[in-house]
There are 2 protein chains.
Amino acid sequence: MSQPNATVLPAATVSRLPGYLRVLHEAEDSGVEVISSVALATRAGVHPALLRRDLSQLGSYGTRGVGYDVDTLIREIGRVVGDRLTWPVVIVGVGHLGQALAHHEVLRERGFELAGLVDSSPELIGSTVAGVPIRPPDELAAVVARGRAVIGVITTPAGQAQGVADALVDAGIRRILNFAAQPLEVPATVTVRGVDLTGEMQVLVYHEIHEG
Amino acid sequence: MSQPNATVLPAATVSRLPGYLRVLHEAEDSGVEVISSVALATRAGVHPALLRRDLSQLGSYGTRGVGYDVDTLIREIGRVVGDRLTWPVVIVGVGHLGQALAHHEVLRERGFELAGLVDSSPELIGSTVAGVPIRPPDELAAVVARGRAVIGVITTPAGQAQGVADALVDAGIRRILNFAAQPLEVPATVTVRGVDLTGEMQVLVYHEIHEG
DNA sequence: GCGTGTGAACAGATTCACAGCT
DNA sequence: AGCTGTGAATCTGTTCACACGC
């Protein structure tokens, strides 16, 4: 009995779905039609029981004694994370990291489209990166509107991050990926995912110090 | 009673320590000498009770009725995550993302030093990025040894990630930051942190689809 | 027989609420 | 009076182990 999604999915489950989808796309490309929880979980780096529980949250798409139909699962997980649709993205802060993301091929392959670039530095404004012109901060709302952007990426120095977040929210953006270490304050309707590169490195250092 | 660290810290605590340290450095710079759990927690984006529990794991460095001494806390957290020491890093995969990390000023400021660059593309080998020459994959072990690298960063396409991880481990690296979506198989003595940019974006899309 | 789906047990992380120190 | 440190309660997430359907 499939239960489309009356319920909200647990955050931990949501964070693993992209990984499952990636493995499924690989399987599809190699012509695999059915995959077991053990095979899929192993390749996605999770415990098989956890995978089964995650998938059962989406509905009952497996066949007992057989496994999961790869196409069905791609369709159902894809529906949940918006695969096969196009998601316009604005990047604010066109330093090295912002430029790298602007060029990042993998994002394009998964449906993310560079809808606009914003930076405050006069040397950058007017030039283009990945074929997209860099606009000044006071045009942020216009850039978001013109590109119909749905996701904002913050790759500015930490000190500017909160101001940029405020401006993005004012411009109607409700999903933000933040690369500044600064935690952002936003209204409850806005989702922020933070990636703290320095923090990740320091966690590695913790392990280096405390393990052989 | 301080209990240096007989026990291993919970993973969740470790992942928050860099954030606390950042706020503390800011406070230090503005001349603040004592800070309460509420002030520190708010700025770090966590619940005050959680902050207090995290800090109490390191030992008892606060004063009841007063708060935490900023310098003491910087010293103690810094000891745990290796602040004020230099950590040489090798980056494998000098595409846009690898180059961005090579130039990333914030990492340098926190003690991470670019010890080597490796890439398989003949056009890149021999050229330099951020003042460091790019070497071919078969010189990886030599690059690690010469630079005394302790951390390996993988910014290659997904298909090469596992091979690079194997080579890094063979070269003696035991801490890896992996930007490829591919989950890595490594010996139990090796720590891997994964950053999946596409996955993060897809999680944002999930929210976009399922919330107003 | 095989592999999914899931109740129940377990583990980990967070928050509450207050005792205890300054 | 104020704020830390922490037992107890709660919430979230993971694994076990097996009933159930193919």
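The values are calculated or read from the model by the stated rules, or taken from the named source; none is laboratory data. Not measured: the values here are computed from a predicted model. Methodologically, a virtual Cβ is constructed for each residue, glycine included, from the backbone with ideal geometry; neighbour enumeration extends over all protein chains shown. SASA here: full protein model, heavy atoms, side chains in, ligands and nucleic acids out. Shrake-Rupley method; radii C 1.70, N 1.55, O 1.52, S 1.80 Å.
Points to keep in mind about this one:
- Once A binds B, the 1.4 Å probe can no longer reach about 5400 Å² of accessible area, counting both sides.
- Kirkwood-based shape ratio for segment B:87-200, expressed as Rg/Rh from alpha carbons: 0.92
- What separates the A:Ala188 label point from its copies, with the point 7 Å along Cα to Cβ, is 4.5 nm, written shortest first.
- Peptide A:96-106, shielding by other chains (average Cβ, 10 Å cutoff): 6
- Overall shape: rounded for segment B:11-80, with the ratio a/c of the largest to smallest alpha carbon gyration tensor axis below 1.5.
- Computed label-point distance, nm, for sites A:Arg75 and B:Asp71 using a 7 Å Cα→Cβ extension: 6.7
- Rounded accessible area per residue of segment A:11-81, 1.4 Å, Å²: 48
- Residue-by-residue Karplus 3J(HN,Hα) for segment B:66-82, coefficients 6.51, -1.76, 1.60, Hz, glycine and proline x: 10, x, 10, 6, 4, 4, 4, 5, 4, 5, 6, 5, x, 4, 6, 9, x
- Pseudo-label separations to other copies for A:Gly45 - Cα-to-Cβ vector, 7 Å, nm: 2.1
- Where the Cα pairs of segment B:61-154 fall when distances are cut into 5 Å bins, in %: 3, 13, 21, 19, 12, 8, 7, 6, 5, 3, 2, 1, 0
- Protection proxy ranking, highest mean first, for peptides A:182-192, B:50-60, A:95-105, B:147-157: B:147-157, A:95-105, B:50-60, A:182-192, where packing is the per-residue count of other beta-carbon atoms within 10 Å, averaged.
- Placing a label point 7 Å from the Cα of A:Val34 along the Cα-to-Cβ direction, the distances to the matching points in the other copies come to 7.0 nm, shortest first.
- Length-normalised contact order of chain A in % [C-alpha pairs under 8 Å, at least 6 apart]: 14
- Treating each Cα of chain B as an identical point scatterer and summing with the Debye formula, the log10 of I(q)/I(0) at q = 0.11, 0.13 Å⁻¹ comes to -0.67, -0.87.
- Surrounding net charge for B:Val195, when Lys and Arg each add one and Asp and Glu each subtract one, Cβ distance under 13 Å: -2
- Alpha-carbon centroids, segment A:123-185 and segment B:154-212: separation in whole Å: 26
- Each principal axis of the Cα cloud of the protein assembly as shown was taken in turn, and the coordinate range along them, longest first, works out to 60, 50, 47 Å.
- Residue and distance for the chain B Cβ closest to the axis that moves B onto A, in whole Å, come to B:Ala100, 2.
- Overall, the accessible surface of the protein assembly as shown at a probe of 1.4 angstrom is composed of carbon and sulfur to the extent of 52 percent.
- Dividing the helix sum by the residues of chain A, where each DSSP H run of 4 or more adds -39500 (n - 2.57), gives a mean residue ellipticity at 222 nm of -14000 deg cm²/dmol.
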